[in-house]
Amino acid sequence: MTPSTGQGGPPGSAASSAAWELLLPAASAPARARGRALQEALRDAVRSGRLTPGTRLPSSRDLAADLGVSRGLVTEAYEQLTAEGYLRSGQGAGTWVGDAVRAARPRARDLAPRSPADRVDFVPGTPDLSLFPRSAWAAAQRGVLAELPHESLGYPDPRGLPRLRTALAELLARRRGVVADPERIMVVSGVAQATALLASVLHARGVRATGVEDPGSPQHDALYASAGVDTVPLPLDDEGLAVGPLHASGVRAVVTTPAHQFPTGIAYSARRRGELLDWARTVDGLVLEDDYDGDFRYDRAPVGALQGLDPERVAYTGSVSKSLAPGLRLGWLLVPEWLADDVVERKRTTDLGHPALDQALFARFVERGDYDRQLRVCQRAYRERRDAMVDALEEHFPGSQVSGIAAGLHAIATLPGRYGPEERFLARVREAGVAVRSLAEYGHGVGGDEAAKEVRLVLGYAHLTPARIRAGVEMMGGAV
C-alpha cells in the first residue's frame, strides 16, 4: 500500500513507498509500545523527508486495516502528530503531511581536532594517548564510587573539592616548588579555562592588553580576545622573555612559559626570572605562569615554578593534558590573594564548578601515588623518543642544530642552509606525507625574507614511537 496524493500535492513515488514501509516494524512492536512506535515512525518519515510536505495519508480505517492494528491506535497517532505540527487535517479533507518541518534528521558531527591523514605527523602538542593508565584509572574510579558520600554529588565548591585541592597543594609543592594554599587553588577545565577566567577578571579590573611571548602559543590571542583584552607580542632572547621590550610595552600583565618555553624550548634563566618579578612589582602587575611541560625534564630535576618566588605576583596554572590526556579537561589555577575572590566568583558564574566525580577520582589517583608513577612512565618513554629524534636528525640532516631538548615533548631543529628556502622545504615534505610545522608559524607575523630562507622546524615526538620517528625523519630527508 502506498500513500495517495491529493490535488496539488506531490504524486506517489518510490520514495514515498519506501518511507511508508517504516510503519511496518511499528505495527509488530509489543502491544503496550505499539502506539508510541507508530507515532515515532511517522515523525521519522516526515523529518527525514521520506514523507514530503503535501503528501496525503490514508484514512485511519485503511491504514489500521493494512497494518493490522486498531483504528483507535492510528487515530491517536494522527491526532498527536497533528497537534505537534507534523500533520494537518481538515473536516472531510483527510490528513496530510504538514509543511512546518524543514530540517532532515540532524547528524552529530565530530569537530574534535584530528591529525591530518599523513603518514607521519610531527605537529607538537599531543602526548602518547596509549600511555593512559586505564587499569589504574578504572581501579580509582571503582574505589571512588564505593566511598563517595551522596552529598558530594551535589553542586561543588566552585574552587573544587577540598580533597582534590589538598592533594594538589601537596603535589605541586613537592614536585614544582609552588607555594600552594588549598584555599587559593581552583580546579579548572585545563589551562585554556584558567587563562579565560583570568582574562575576564583582568578586563573587569580595567586591563585592556596583556603581553604574550613571541613566538608562543597561538591559543592565547583568541582566549584574551574573547574577554575583550588585546595581546601584545613580546620578543625572546636566550634567557627568556626580553625585559626591555616588556617595560617599553606598557602592559601590566604577561603570559609566560618559563619552565620550557613553547615553542622555542628555552628554560628561563635565574636572572631573567628575577627581572620578570622585579618588573611585576614595579608596575603593580601580574605574571601568568603556564607550567607547560614542567614535569618533563631529562637532564636534571625539573626547574621549580616561578610562582614559588613571589606568589602575590604570579598566577600559576597547569593541567594533566600532557601527563594523562587532554580529553580529561582537568587542570588547576593558583591565584594571588588579591585576585582570588574575583576569580572564584567568575568560575561560579561560568560553570558552577568542575564535575565532582572527576575531581574525586583524580584526588584518589594522586593520593595513592598513581600520578607519580604515571609521570615516571611518561618521562622514560619521552626521553627515549627525544633521543630517537636527535639521532635521526643527525643521520638524515647532518649539520643540523637541535635545541630545546632538555625538557618537554618537542624539539627545535635548525637545518643547514642547503635545505632552504623554508617554504620549498615544507612543501616537499608535506607532499611526501609528513606533517610538520615551522617555528615561524608560532610567531605573530614578525620576520622577513632572511628568516624565510632558514629552515627551523618544531618537531613534536611524544605521540610517536621511536620507529615512527626514524621513519618520518627519513621520509623528510628523502623528500629534499
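The values are calculated or read from the model by the stated rules, or taken from the named source; none is laboratory data. Remember, it's a predicted structure, so these values are computed and weren't measured experimentally. Using ideal geometry, Cβ is built from the backbone for each residue, glycine included, and neighbour counts are taken over all protein chains shown. Side chains are part of the model used for accessible areas, which takes the heavy atoms of the whole protein and leaves out ligands, DNA and RNA. Shrake-Rupley method; radii C 1.70, N 1.55, O 1.52, S 1.80 Å.
Residue-wise test of (1) acidic (Asp, Glu); (2) at pLDDT 95 or above; (3) open to solvent by less than 10 Å² (accessible area, probe 1.4 Å); (4) more than 30 Å from VAL377 (Cβ to Cβ).
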{"site": "THR414", "(1), (2), (3), (4)": "no, yes, no, yes"}
{"site": "GLU423", "(1), (2), (3), (4)": "yes, no, no, yes"}
{"site": "GLU441", "(1), (2), (3), (4)": "yes, no, no, yes"}
{"site": "GLY448", "(1), (2), (3), (4)": "no, no, no, yes"}
{"site": "VAL458", "(1), (2), (3), (4)": "no, yes, yes, no"}
{"site": "ALA467", "(1), (2), (3), (4)": "no, yes, no, no"}
{"site": "ARG470", "(1), (2), (3), (4)": "no, yes, no, no"}
{"site": "ALA479", "(1), (2), (3), (4)": "no, no, no, yes"}
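Screening the candidates VAL212, VAL207, VAL179, VAL232 for the property of being β-branched (Val, Ile, Thr), under 21 Å from SER321 (Cβ atoms), surrounded by 16 or more Cβ atoms within 10 Å (Cβ to Cβ) and touching a strand residue (DSSP E or B) at 6+ places or on another chain (Cβ under 9 Å) yields one hit, VAL212. Being open to solvent by 90 Å² or more (accessible area, probe 1.4 Å), under 30 Å from ARG43 (Cβ atoms) and not in a helix (DSSP H, G or I) holds for only one residue in ARG114, ARG109, and it is ARG109. Would you point out the residue of region 335-381, among those that are among the acidic types (Asp, Glu) and under 23 Å from the mean Cα position of the chain (by Cα), that is modelled with the highest pLDDT? In this case the residue turns out to be ASP358.
Criterion applied to ALA305, ALA315, ALA360 was being touching a Phe, Trp or Tyr at 6+ places or on another chain (Cβ under 9 Å) and in contact (Cβ under 8 Å) with a residue 24 or more places away in the chain, and the one residue passing it is ALA305. In this structure, is GLY160 part of a loop (DSSP other than H, G, I, E, B), at positive phi and touching a residue at least 12 places away in the same chain (Cβ under 8 Å)? Considered against the rule, which asks whether it is part of a loop (DSSP other than H, G, I, E, B), at positive phi and touching a residue at least 12 places away in the same chain (Cβ under 8 Å), GLY160 comes out as yes.
Scanning region 88-105 for residues that are open to solvent by less than 80 Å² (accessible area, probe 1.4 Å), at pLDDT below 85 and within 49 Å of the chain's Cα centre (by Cα) turns up ALA100, VAL101, ALA103, ALA104.
Residue check: GLY240 meets all listed conditions (1) open to solvent by 30 Å² or more (accessible area, probe 1.4 Å); (2) touching a Pro at 6+ places or on another chain (Cβ under 9 Å); (3) touching a residue at least 24 places away in the same chain (Cβ under 8 Å) but one, namely (1).
Conditions tested, residue by residue: (1) in contact (Cβ under 8 Å) with a residue 12 or more places away in the chain; (2) closer than 30 Å to ALA325 by Cβ.
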residue	(1), (2)
LEU24	yes, no
ARG32	no, no
LEU51	yes, no
SER60	yes, no
GLU79	no, no
ALA83	no, no
TYR86	yes, no
ASP110	no, yes
PRO127	yes, yes
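Can we say ALA406 is modelled with pLDDT under 95 and either over 21 Å from ALA169 (Cα atoms) or touching a His at 6+ places or on another chain (Cβ under 8 Å) (or both)? For ALA406, the condition - modelled with pLDDT under 95 and either over 21 Å from ALA169 (Cα atoms) or touching a His at 6+ places or on another chain (Cβ under 8 Å) (or both) - is met. Taking the condition within 23 Å of PRO215 (Cα to Cα) and open to solvent by less than 30 Å² (accessible area, probe 1.4 Å), does ALA388 pass? Criteria not met by ALA388.
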